[in-house]
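Take a look at the structure below.
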Amino acid sequence: MGKALLEIENPVHKSVMINEAMEFLCPRPDGIYIDATLGLGGHTEAIFKISGFQTRVLGFDVDDESLTFSKKRLSVFAAHVDFINKNFSEIKMVLESLGIDEVDGIIADLGMSSFHIEGSGRGFSFLRDEPLDMRMDSRLRFTAYDLINEMDEDEISKILRIYGEEKWAKRIAREILGCRRVNPIKRSTQLADIVSNAIPRQFHPNSIHPATKTFQALRIAVNNELENLERFLADAVRFLKIGGRVVVISFHSLEDRMVKNSFKRMSSPCVCPPGLPICGCGRKSSLKILTSSPLVPDEAEILNNSRARSAKLRAGEKI
């Protein structure tokens, strides 16, 4: 496929690596596909444009507002789309409830949409003065405000260190506790200023805002992102037909590492010593890895969409 294959119009969000994703997914007519992170519908629209109107897509998204937008955008395909207001970690339960035993392909784009950063009003961006919410799913109980204002110093530090890989985690956590003793930390710009002040100015990163890793860590914690991804990866491939493809686009090292290791486990056969009367694991290879190393966007895409710069795509095929 050429780079100019797809020209999908979206005034709000540009889907990342859409041509590469479709090359690996290989959508065909009369197939059943899962867009595990429907978002604003870019990848689903691409599936239909390549495969035709007879394809069926199951689109998962926990965000009501995103689903509302995608329903409008995909209205011409509405008869062939199931809009599912569930987290992709629930893929097994949903498919079983629909009586679907196998699908032809699965795609998951783990990145945040421009809508969430610029238009949701939930405090995802350190550049906007918004309430500290950070929930993708409004049904979740805890917000970023709850974590920041109720956790102790060690708990906050652990979240920033593990989910944000922030080396200044302890110092930031200490600053957060000092500030909240005076006033609750309610706003995104308020938190961003606290983080910036906590990190010595000579150690501020050149390419990203000093609060980037803190905001990433809190978002991951609030939405249980890594736990949900692990559960999704474990269940998704089981529902692929032989020859079906799975494509995952990640945007930070924690996600990419999890996808890489999951694919590796599924591509590895039993390692128990031969001749055992009872095999210790009985594992068989279920996935052929199609990307020996992750694909990254080309320079033209990064220039056109700066949010693509950290994207990594991995793909596999059911065997």
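The values are calculated or read from the model by the stated rules, or taken from the named source; none is laboratory data. The shown structure was predicted, so the numbers you read here are calculated from the model rather than taken from an experiment. Every residue, glycine among them, receives a Cβ derived from its backbone with ideal geometry; neighbour counts consider all protein chains shown.
Remarks
- Meets criteria (touching a residue at least 12 places away in the same chain (Cβ under 8 Å), surrounded by fewer than 19 Cβ atoms within 10 Å (Cβ to Cβ) and out of contact with any Cys (no Cβ under 6 Å at 6 or more places or on another chain)) for ARG231: yes
- Given (1) surrounded by fewer than 16 Cβ atoms within 10 Å (Cβ to Cβ); (2) part of a loop (DSSP other than H, G, I, E, B); (3) in the same structural domain as LYS312 (by TED's automatic domain parsing), index of the condition GLY111 fails: (1)
- Where a residue in segment 41-53 is farther than 15 Å from VAL16 by Cβ and its partner, wherever it lies, is assigned to a helix (DSSP H, G or I), with Cβ under 7 Å and at least six apart: PHE48/PHE77; ILE50/MET22; PHE53/PHE77; PHE53/HIS80
- Any hit, segment 136-147, residues being touching a Ser or Thr at 6+ places or on another chain (Cβ under 9 Å), part of a helix (DSSP H, G or I) and modelled with pLDDT of 95 or more: yes
- The selection criterion, being modelled with pLDDT under 95 and under 21 Å from GLY31 (Cα atoms), does not hold for ALA108.
- Residues being in a helix (DSSP H, G or I) and surrounded by 14 or more Cβ atoms within 10 Å (Cβ to Cβ) - total across segment 284-317: 6
- The set of residues in segment 181-191 that are of a type in the set (D, E, K, R) and surrounded by 16 or more Cβ atoms within 10 Å (Cβ to Cβ) contains only ARG187.
- Scope segment 22-39; condition surrounded by 24 or more Cβ atoms within 10 Å (Cβ to Cβ), touching a Ser or Thr at 6+ places or on another chain (Cβ under 8 Å) and either of a type in the set (Asp, Glu) or under 21 Å from GLN54 (Cα atoms) (or both); matching residues: TYR33, ASP35, LEU38
- Within segment 235-263, being in contact with a helix residue (DSSP H, G or I) (Cβ under 7 Å, 6 or more places away or on another chain) and small (Gly, Ala, Ser) holds for ALA236, SER250, SER262.
- Of all the criteria given as (1) over 25 Å from HIS209 (Cβ atoms); (2) crowded, with 19+ Cβ neighbours inside 10 Å, the one not satisfied by ILE50 is (2).
- Any hit, segment 122-133, residues being without any contact (Cβ under 8 Å) to a residue 24 or more places away in the chain and surrounded by fewer than 15 Cβ atoms within 10 Å (Cβ to Cβ): no
- Of residues in segment 75-101 being in a loop (DSSP other than H, G, I, E, B) and not acidic (Asp, Glu), the one farthest from GLY59 (Cα to Cα): GLY99
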